[in-house]
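A.B. asks: Below you will find the structure I want to go over with you.
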Amino acid sequence: MLKNILQQRHLILASGSPRRKSILQDLNLEFEIRTKEVDESYPNHLKGKEISEYLAKLKAFPFLSELNPNQILITADTIVWLQGKALGKPDSVDEAIAMLKLISGKTHEVISSVALTTTSKQVIVSDVTKVIFKELSDDEINYYIENFKPFDKAGAYGIQEWLGFIGIKRIEGSYLNVVGFPVQKFYEALHKI
């Protein structure tokens, strides 16, 4: 269905995430992948979805001078928001352990934002999903990190992996948002753009 609407458009996914690539493929969309290194620093005063929206926009910036009028650039960012603090991707085993101990037995929010950028405008969509974790044992945390190496995932876990299977008691909101892409809102935004 979207394929017909986007016949005159060329989609560019500016992400190396295999999960985002898979989601777009499952939507039956044709796209190319282009990536550029971006410093994912953000101002300290930003909170919650302000952070993921800022970073989704920031990731689009290096591509702006290259876009053609028929192209739509897709950039995205996901954070875990807990107790007034954003958890991004862990830089080390110790940081991953600390993050998982922090979310153990608590409820946190996963916030994903997508920027759709053309030569004439930019549309940002965001979604928030609550994730409720059971108490995780040290053995469970260590096993997960050793076997799944979650260093490319916000909050040091993937809902679609072992720790998500055994650790998440329930979610309130979109599952795919926790995977890292607010698909339903993205779908609506593509119709509008």
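A.B. asks: Considering only residues that are exposed (fewer than 14 other Cβ atoms within 10 Å of the Cβ) and among the polar types (S, T, N, Q), which ones fall in region 76-114?
C.D. replies: Gln83, Ser92
A.B. asks: Now for a different question. Looking at Ser112, Ser120, which one is in contact with a helix residue (DSSP H, G or I) (Cβ under 7 Å, 6 or more places away or on another chain) and farther than 20 Å from Tyr143 by Cβ?
C.D. replies: After applying the criteria, what remains is Ser112.
A.B. asks: If you go through region 50-66 one residue at a time, how many are within 14 Å of the chain's Cα centre (by Cα) and among the polar types (S, T, N, Q)?
C.D. replies: Matching residues across region 50-66 total 1.
A.B. asks: May I pose another question? Inspect all residues belonging to region 59-77 and state whether any of them is touching a residue at least 60 places away in the same chain (Cβ under 8 Å), among the hydroxyl-bearing types (Ser, Thr, Tyr) and touching a Leu at 6+ places or on another chain (Cβ under 9 Å).
C.D. replies: Yes - at least one qualifying residue is present in region 59-77.
A.B. asks: Further, regarding this structure: Select from region 23-75 the residues that are aromatic (Phe, Trp, Tyr) and closer than 16 Å to Thr119 by Cβ and write down the one among them that is surrounded by the fewest Cβ atoms within 10 Å (Cβ to Cβ).
C.D. replies: So, considering only residues that are aromatic (Phe, Trp, Tyr) and closer than 16 Å to Thr119 by Cβ, the one surrounded by the fewest Cβ atoms within 10 Å (Cβ to Cβ) is Phe61.
A.B. asks: Go through the residues of region 70-91 one by one and say whether even a single one is assigned to a helix (DSSP H, G or I) and more than 12 Å from the chain's Cα centre (by Cα).
C.D. replies: There is no residue in region 70-91 that is assigned to a helix (DSSP H, G or I) and more than 12 Å from the chain's Cα centre (by Cα).
A.B. asks: Let me ask you something else. Please count how many residues of region 124-143 are more than 25 Å from Pro182 (Cα to Cα) and not aliphatic (A, V, I, L, M). Quick ask: steps written out before the conclusion?
C.D. replies: First pass over region 124-143, keeping only residues more than 25 Å from Pro182 (Cα to Cα): 135-143.
Filter once more, so that each one left must be not aliphatic (A, V, I, L, M): 135, 137-140, 142-143.
Residues in region 124-143 being more than 25 Å from Pro182 (Cα to Cα) and not aliphatic (A, V, I, L, M): 7 in total.
A.B. asks: Collect the residues in region 117-141 that are surrounded by 15 or more Cβ atoms within 10 Å (Cβ to Cβ) and either in contact with a His (Cβ under 7 Å, 6 or more places away or on another chain) or assigned to a helix (DSSP H, G or I) (or both), keeping them in residue-number order.
C.D. replies: If the condition is that a residue be surrounded by 15 or more Cβ atoms within 10 Å (Cβ to Cβ) and either in contact with a His (Cβ under 7 Å, 6 or more places away or on another chain) or assigned to a helix (DSSP H, G or I) (or both), then Val131, Glu140, Ile141 are the ones that fit.
Laboratory data are not the source of any read-out in this text; all were calculated from the coordinates shown. Here the structure is a predicted model, which is why all the values come from computation and not from measurement. Backbone-built Cβ (ideal geometry, glycine too); neighbour counts: all protein chains shown.
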